[in-house]
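The values are calculated or read from the model by the stated rules, or taken from the named source; none is laboratory data. Quantities reported herein were computed from a predicted structural model and do not represent experimental measurements. Quick reminder, even Gly has a Cβ in these numbers, built from the backbone with ideal geometry, and neighbours come from all protein chains shown.
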Amino acid sequence: MLRLQNTLTRKKENFKPIRKQEVRMYTCGPTVYDVAHIGNLRTYVFEDVLRRSLEFLGYKVTQVMNITDVEDKIINKAKEQKKRIGEVTKVYTKKFFEDIKSLNIEEVEVYPLATAHVKEIVELIQSLMKKGFAYQGDDGSIYFDISKFKKYGKLVGLGKIAIKDGARVSADEYSKDNVRDFVLWKTKKKGEPSWRSPFGGGRPGWHIECSAMSMRYLGKSFDIHTGGVDNIFPHHENEIAQSEAATGKKFVNYWLHGEHLLVGGERMAKSAKNFFTLDDVEKRGYMPLAFRYFVLGAHYRSKLNFTWTALESAQSGLWNLWRELGRLKFLSEHDKFKNNRELVGKLEALFKAAVEDDLNIPGSMAALRRVMSDPDISPSEKRRLIFKMDKVLGLDLAYADVLSKIPVHIKALVVGRELLRRNQQFVKADTLRHKVESLGYEVEDTSYGPFIWPNYNRKSHHKT
Ligand SMILES: [Zn+2]
């Protein structure tokens, strides 16, 4: 039974989807005004692991991730660069998809654009106005009246906080200590994109986008909503208020939030200017998948401190996994081994139990390492089981088979070295070994003959 820590109840709960064996899930996507930093990417990796785990456990997943393509930050960037907002969002949307692809993040079913759903957003605002949850301010913008929604604060746990009547904010972000009515529709301003609506020209606020688009594709009530912990307030609190006020139904059953990535003990953020991007990672010679491996080393609800040293050891850890898988392939081709179904079943259950325990990926990685090192499991069974585990981990462990394709000229050199060794010409044999190494490969002598593998340090072998 899958158990998930639910931010809404502050408890680890048994997961029961609304529809049998089917999960409907919404994930807050990027605001495409800039390149994502690796702190943002950590959240997307967590959400991908969640999706993959649900699939591994046999659920059919329908996941929606919005792309916020109209927002204050985008408008400012466009002004700064003297571009149209569409030109800005196009560049960063493309970059976002490149980043998630290189992190082996699975594509979700729907990526709705905010600007393509203004109709749904306007309809939702209209129904909130009709029901008395929203009003037009004297500035012309439409605001959500939080004093009308009695459950306001249930996600973040505001308790009996004083809510100032009529105090409102037109920006999308504000603090927990300063709770106020938030904007649903921003009235038209000169030099800003706007759409027509029954309440005048303007554009949607950020929060209402997610309510409108999630319900458009997943229905009034669905199973899981995810994001980073910084989304809990005000964004997700506001989503609950908007959706439940409009429909009178429970919006989402399970809220899951991923913790921050830190740098030097501080939260990585654009505003703090202490961030790195995936391009920075690659420029320093690291694979994007090494970053994924690094992220998988911590539970998604733990803060994780990023250092280049930690990334270095993540990369060599991943390389070793690939090498071991290559070695297992080599062994399975060179000898007969007995299968041990009982032990394999036990270790697979261990892996699954870790995944089901609120996605304990460090625990499932430990199960993988046990499989790798157990002398009583045959190499081919190990490979089969590890590739199955990789459906959750998403480390592209099958890349080991690409690496194990050794070029013919390298193989020829190694065969030549073997002949020299058999004839006791060790000095000449060593010269050939050095030649092989200088070409980017290493040779390990085993009882089944030489095992050849690409050098870790040779960048040209690395998956990018
Ligand atoms: Zn959202």
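Summary of values
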read-out: Residues within the range 78-114 that are over 16 Å from the mean Cα position of the chain (by Cα), crowded, with 19+ Cβ neighbours inside 10 Å and assigned to a helix (DSSP H, G or I), tallied; value: 6
read-out: Exclusive hit being among the aliphatic types (A, V, I, L, M) and farther than 21 Å from Arg52 by Cβ, set Val281, Val355; value: Val281
read-out: Pairs with Cβ under 6 Å, 6+ apart, first in the range 248-266 and of a type in the set (Gly, Ala, Ser), second assigned to a strand (DSSP E or B) and buried (at least 19 other Cβ atoms within 10 Å of the Cβ); value: Gly258/Gly228
read-out: Boolean, Ser302 is within 27 Å of Lys186 (Cβ to Cβ) and either among the hydroxyl-bearing types (Ser, Thr, Tyr) or at pLDDT below 95 (or both); value: no
read-out: Only listed residue being closer than 26 Å to Lys391 by Cα and surrounded by fewer than 14 Cβ atoms within 10 Å (Cβ to Cβ), chosen from Lys303, Lys273, Lys283; value: Lys303
read-out: Number of positions in the range 201-236 that are among the charged types (D, E, K, R), assigned to a helix (DSSP H, G or I) and surrounded by fewer than 24 Cβ atoms within 10 Å (Cβ to Cβ); value: 2
read-out: Which numbered condition Arg168 misses (of (1) away from the ligand (no atom under 15 Å from the Cβ); (2) surrounded by fewer than 16 Cβ atoms within 10 Å (Cβ to Cβ); (3) of a type in the set (D, E, K, R)); value: (2)
read-out: Helices (runs of 4 or more DSSP H) within the range 287-372 that include 3 or more residues small (Gly, Ala, Ser); value: 308-334, 341-356
read-out: Verdict on Asn76 being closer than 20 Å to Leu184 by Cα and away from the ligand (no atom under 16 Å from the Cβ); value: yes
read-out: Unique residue being more than 16 Å from the ligand (Cβ to nearest atom), among the aliphatic types (A, V, I, L, M), modelled with pLDDT under 95 and assigned by TED's automatic domain parsing to the domain that holds Leu113 when the list is Ala162, Ala245; value: Ala162
